[in-house]
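K.L.:
Pasting a structure below so you can have a look.
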Amino acid sequence: MGESGLRAWRTHRAGRRVDRGSLTFLKAFRVLLIIGGVLGLAGISLVASSFGSSASSTTSIPAGSIWYMYYEFDVLGPGSLRGDYQETTGGALDLYVLTEAQYQSYRTGTNMGSLWSLGSSNAGTIDVVLPGSGKYFLVADHGTSYEGVRQVVRFSLHLAGINPTTFAAGIGLLGAGVVVAALGVLKRRRFAIRAGGHVPLTNAPTTDPPSSNRPDPPQPPMTP
């Protein structure tokens, strides 16, 4: 009995339980990490999606020489616009890819040129390099002799370039996620300092005392 009692007593260690304040802190720490992670993942997803986009649509140009249709898009840095189009009512179109200044000139009826143009065509391919950051326009208007009829156009387009709005939103969410996660880590560190360097992770008894120097175990019972 003495020997077995000695072994039993030697395996005993002091422990302590987590108080309610510690549990509340741990929950807050985990919530901050989760929120930071979700924001960070959302930001990464937006940043990745900002590097290019594709779209397909069908639109119409009302009858009348004053009418036209356009797509507007922003690019951060150089890019390109590629795609196909088809006029489905049997008429012809004039198409242009314009910078913002060229588009304003087009609206007023003056001519400042274009990055790309194709006249009196009912179908074709668009392939144009966008030279740098800015706002661009894809414009379609009535071809010669078709100003008086309503025309329907089908587009399939791919824009290669950084969308500044989506990119900025992604960077903002990613930054917010990093800040929230860092706040959680900072709060955990401060709590650890106040707790003497020990931050329990569960509400179960710990197997180690709060200090690095373990106390001597109690003496075994005397044997006859």
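For every residue, the table says whether it meets (1) at positive phi; (2) in contact (Cβ under 8 Å) with a residue 40 or more places away in the chain; (3) assigned to a strand (DSSP E or B).
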| position | (1), (2), (3) |
| --- | --- |
| L46 | no, yes, no |
| S53 | no, yes, yes |
| S56 | no, yes, yes |
| G64 | yes, yes, no |
| Y71 | no, yes, yes |
| V75 | no, yes, yes |
| T89 | no, yes, no |
| D94 | no, yes, yes |
| V97 | no, yes, yes |
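K.L.:
Would you check which residues across the range 167-185 are of a type in the set (V, I, T) and at pLDDT 75 or above and list them? Talk me through it step by step, then tell me what you get.
P.N.:
Just the residues of the range 167-185 that are of a type in the set (V, I, T), to begin with: 171, 178-180, 185.
Within the range 167-185, I171, V178, V179 meet the criteria.
K.L.:
Another question, if that's okay. Condition check: at pLDDT below 95, of a type outside the set (F, W, Y) and outside any strand (DSSP E or B). Does S145 satisfy that?
P.N.:
On the way: at pLDDT below 95: yes; of a type outside the set (F, W, Y): yes; outside any strand (DSSP E or B): yes.
Criteria met by S145.
K.L.:
Can you find a residue in the range 117-139 that is at pLDDT below 70 and surrounded by 13 or more Cβ atoms within 10 Å (Cβ to Cβ)? Outline the logic, then answer.
P.N.:
Just the residues of the range 117-139 that are at pLDDT below 70, to begin with: none.
Taking every residue of the range 117-139 in turn, none turns out to be at pLDDT below 70 and surrounded by 13 or more Cβ atoms within 10 Å (Cβ to Cβ).
K.L.:
Kindly evaluate S114 against the criterion of being in the same structural domain as E72 (by TED's automatic domain parsing), assigned to a loop (DSSP other than H, G, I, E, B) and under 12 Å from L95 (Cα atoms).
P.N.:
yes
The values are calculated or read from the model by the stated rules, or taken from the named source; none is laboratory data. Keep in mind it's a predicted model, so treat the numbers as computed, not measured. Methodologically, a virtual Cβ is constructed for each residue, glycine included, from the backbone with ideal geometry; neighbour enumeration extends over all protein chains shown.
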